[in-house]
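The values are calculated or read from the model by the stated rules, or taken from the named source; none is laboratory data. These numbers come from a predicted model, not from an experiment. Here the Cβ is made from the backbone with ideal geometry for all residues, glycine too, and neighbour counts use every protein chain on show.
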Amino acid sequence: MLGEVRYANREEAGRKLAKRLLAWAAVPDLVVLALPRGGVPVGFEVARELGAPLDVAVVRKLGVPGEEELAMGAVASGGALFLNPEVIGLLGIPAGTVDEVVRREQKEVERRERVYRDGRAPLEIEGRTVILVDDGLATGATMRAAIDSVKRRKPARLIVAVPVAAASTCEDIGALVDEIVCLATPEPFYAVGLWYEEFPQLDDEDVRELLRTVRQDAPVSRRGRG
């Protein structure tokens, strides 16, 4: 029904995505930010191929109470917030309920910020070229919050890059950034995980290990701030 599977796993998707981004390897002050958890294996491959430092852009979906897989918005580092008024209005979700979910997920964002970086400060991105990576885009709610969060830190240029996306979401997100790279926009889309043969759930330690590996393998940065 879905046609051929496009990626064996997130690592293969990341390597294919990196090939499309090779022109950015020559850009000074390049940094790759990945959305945890699923975007980090993809971002790891991109950062390694481009010789760029890797960091996380921590974001959390705001799940509808009782239907947590359905996003009514997302929160990200630095207090960035995206709400989907159509979902909230259609389901009649009270403002107090929305606020409660926002508070809970913002605490989780703060927890993950501490855990993933092992106490290190976030990479400095002001004035730098940022490639923001995830494993795919369905509704785009989490990516919208991540974009807002990154823009608050004043990068010189912001590129979103994903292996697979719903076509309409790719177009919508592209209007918010300097450039977008979506390797595949299959229709009907259904869900990100359906376009991977292996799509395991990752835990905090998986993310920490990938970030540690990038730091350990990184040469002395030619960019001076990596």
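Considering only the stretch 37-54, I want to know if a residue exists there that is within 19 Å of Lys151 (Cα to Cα) and surrounded by fewer than 24 Cβ atoms within 10 Å (Cβ to Cβ). Within the stretch 37-54, one or more residues are within 19 Å of Lys151 (Cα to Cα) and surrounded by fewer than 24 Cβ atoms within 10 Å (Cβ to Cβ). Inspect all residues belonging to the stretch 143-154 and state whether any of them is closer than 23 Å to Asn9 by Cβ and surrounded by 21 or more Cβ atoms within 10 Å (Cβ to Cβ). Yes. Selection over the stretch 63-90 of residues that are out of contact with any strand residue (DSSP E or B) (no Cβ under 6 Å at 6 or more places or on another chain), surrounded by 15 or more Cβ atoms within 10 Å (Cβ to Cβ) and hydrophobic (A, V, I, L, M, F, W, C) gives a count of 1. Looking only at residues of the stretch 112-139 that are assigned to a loop (DSSP other than H, G, I, E, B) and among the hydrophobic types (A, V, I, L, M, F, W, C), we find that the one that is surrounded by the fewest Cβ atoms within 10 Å (Cβ to Cβ) is Ala121.
Do we have Leu158 as over 13 Å from the mean Cα position of the chain (by Cα) and within 30 Å of Gln216 (Cβ to Cβ) here? Taking the combined requirement at face value, the residue does not satisfy it. All conditions in (1) assigned to a loop (DSSP other than H, G, I, E, B); (2) among the β-branched types (Val, Ile, Thr); (3) over 19 Å from Val59 (Cα atoms) hold for Val181, with the sole exception of (1). Out of the residues in the stretch 158-197 meeting the condition of being out of contact with any helix residue (DSSP H, G or I) (no Cβ under 8 Å at 6 or more places or on another chain) and more than 24 Å from Phe82 (Cα to Cα), tell me which one is surrounded by the most Cβ atoms within 10 Å (Cβ to Cβ). Among those that are out of contact with any helix residue (DSSP H, G or I) (no Cβ under 8 Å at 6 or more places or on another chain) and more than 24 Å from Phe82 (Cα to Cα), it is Trp195.
So for the stretch 166-173 (the condition being in contact (Cβ under 8 Å) with a residue 12 or more places away in the chain, part of a strand (DSSP E or B), within 19 Å of Lys16 (Cβ to Cβ) and of a type outside the set (Lys, Arg)), does at least one residue qualify?
Of the stretch 166-173, the ones in contact (Cβ under 8 Å) with a residue 12 or more places away in the chain are 166-167, 169-170, 172-173.
Still in the running and part of a strand (DSSP E or B): none.
The answer is no, given that none of the residues of the stretch 166-173 is in contact (Cβ under 8 Å) with a residue 12 or more places away in the chain, part of a strand (DSSP E or B), within 19 Å of Lys16 (Cβ to Cβ) and of a type outside the set (Lys, Arg).
Only one of the listed residues (Val75, Val109, Val31) is closer than 13 Å to Ala145 by Cβ, outside any helix (DSSP H, G or I) and at pLDDT 95 or above. That residue is Val75.
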